[in-house]
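The values are calculated or read from the model by the stated rules, or taken from the named source; none is laboratory data. A quick note: this is a predicted structure, and the numbers were derived from the prediction, not measured. Here the Cβ positions follow ideal geometry from the backbone for every residue, glycine too, while neighbour counts run over all protein chains shown.
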Amino acid sequence: MATQEIKVTANRIGALIGKAGATKREIEEKTGVAILIDSEEGIVTVDGEDPVNMLAAVEIIRAINRGFSPERAFKLLDDEDMMLDIIDLSEIAGSTRQMERLRGRIIGKAGTSRAQIEDMTNTGISVHGKTVALIGLPDNIKTAKSAVEMLIQGVPHEHVYSFLDKKKKEAKHDMLEYYY
């Protein structure tokens with residue numbers, strides 16, 4: 001039996017537990033692990049036999065902790081290659097004001113920028129606290145991460161979108177060559 005502990009922020013414990021414990025139970029059922037949540041300390045303990053399922057459960061918990069809804073976090077189970085990647089903005093932003101500006105650039109007006117990147121890369125993106133979390137397949141994550149990093153560096157949104165468009169066309173071209 002293997003055990004792993006994860007620290008979960010107080011404001012995400014409720015999302016992790018879910019209504020009447022539904023989310024916690026669903027993670028346990030889908031991954032075959034046992035989860036113990038200390039909501040006072042924010043320590044989540046995951047116990048399991050299968051290391052692959054343990055890792056899957058831990059990644060789902062990390063994704064929920066980084067602002068993803070449980071439904072979106074469960075996408076990590078859709079494909080064994082699905083992954084979670086986290087960009088720490090606190091290493092880049094020197095002040096709270098700069099952090100807000102970066103978050104605003106990534107999210108865009110009414111979430112349009114984030115939605116555009118998600119749509120063009122087939123990934124999920126959560127801008128939460130001091131992090132930007134991404135869920136998707138490795139190549140898609142790489143492209144989405146590049147787009148987010150371009151926005152962080154101050155590249156105009158339209159340039160980022162044309163970069164994504166180019167990447168999408170390349171991927172489609174590679175796919176056609178693969179099949180023919």
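Tabulated data for the structure shown
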quantity	calculated
Options V127, V155, V148, V132: the member that is modelled with pLDDT of 95 or more and in a helix (DSSP H, G or I)	V148
Residue in segment 76-83 that is closer than 22 Å to V33 by Cβ and assigned to a helix (DSSP H, G or I) present	yes
Selection from segment 147-158 of residues that are of a type outside the set (A, V, I, L, M, F, W, C) and in contact with a helix residue (DSSP H, G or I) (Cβ under 7 Å, 6 or more places away or on another chain)	H157
Qualifying residue in segment 48-65 (condition: touching a residue at least 24 places away in the same chain (Cβ under 8 Å) and assigned to a strand (DSSP E or B))	yes
Extreme residue, surrounded by the most Cβ atoms within 10 Å (Cβ to Cβ), among residues of segment 10-40 that are in a loop (DSSP other than H, G, I, E, B) and at pLDDT 95 or above	V33
Output for segment 77-93, where each listed residue is under 9 Å from the mean Cα position of the chain (by Cα) and within 19 Å of V8 (Cβ to Cβ)	L84, D85, I86
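Okay, residues lined up against (1) within 19 Å of A73 (Cα to Cα); (2) among the aliphatic types (A, V, I, L, M); (3) touching a residue at least 60 places away in the same chain (Cβ under 8 Å):
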site	(1), (2), (3)
G94	no, no, no
G104	no, no, no
A110	no, yes, no
S113	no, no, no
N122	yes, no, no
I135	yes, yes, yes
E149	no, no, yes
